Amino acid sequence: MTDALEDHFRTVSIGGRPITNLRFADDIDGLAGNECELASLVEQLDKASSNFGMEINAEKTKIMTNSKVSSKKEIKVNCQILESVTKFKYLGSIISDEGSKPEILSRIAQTTAALTKLKPIWNNKNIAMCSKIRLLRFLVMSIFLYACES
């Protein structure tokens, strides 16, 4: 990865620091300021990986742009065009070109499902109110709070 990014021009910055990629375990998310930059980054990554006998799986690799104006430039790996997507799930969160709306809607649905599962417990008169509130905090509020943090 370091070889691929050596000559990559960095236009994406977070907190004033240039960012070219995000890594987690065996996943890499490349970041670029525009589609031409992204095509260049993918090409450099493909060359660097082939130098070490590895190749990028074009079926598992997706691209996403969040620009209103898109040139629809085809980005290829191993002579295969990479699929362009509008959203994907990364580390349990929905990343979308719409911003955080799909993630919030997903968390609301999860919270509603958790509350529905607790209905028999709420109706049970043999369970103490403090136990019911604990269950609510741990099973429902954790989902809601995680959505607020992300």
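Of note:
- Label-point separation in nm, M129 to T116, each point 7 Å along Cα→Cβ: 2.8
- Sequence ranges 120-131, 48-59, ranked by mean other-Cβ count within 10 angstrom, highest first: 48-59, 120-131
- By accessible area with a 1.4 Å probe, ligands and nucleic acids excluded, highest first: order of L82, L139: L139, L82
- Pairs spanning more than 20 Å between alpha-carbon atoms, out of K47/K76; K101/K132; K73/K101: K101/K132; K73/K101.
- Residues with amide H under 5 Å from that of I75, placed H, sequence gap 5 or more: L82
- Listed cross-link partners K60/K89; K89/K117; K62/K87 are compared with a 21 Å cut-off, the Cα-Cα value being larger for K89/K117.
- Scoring 33-41, 73-81 by mean Cβ neighbours within 10 Å over their residues and listing the highest first yields 33-41, 73-81.
The values are calculated or read from the model by the stated rules, or taken from the named source; none is laboratory data. All values reported here derive from a predicted model rather than from experimental measurement. Note that we place each Cβ from the backbone using ideal geometry, even for glycine, and neighbour counts take in every protein chain shown. For accessibility, only protein heavy atoms count, side chains too; no ligands or nucleic acids. Shrake-Rupley method; radii C 1.70, N 1.55, O 1.52, S 1.80 Å.
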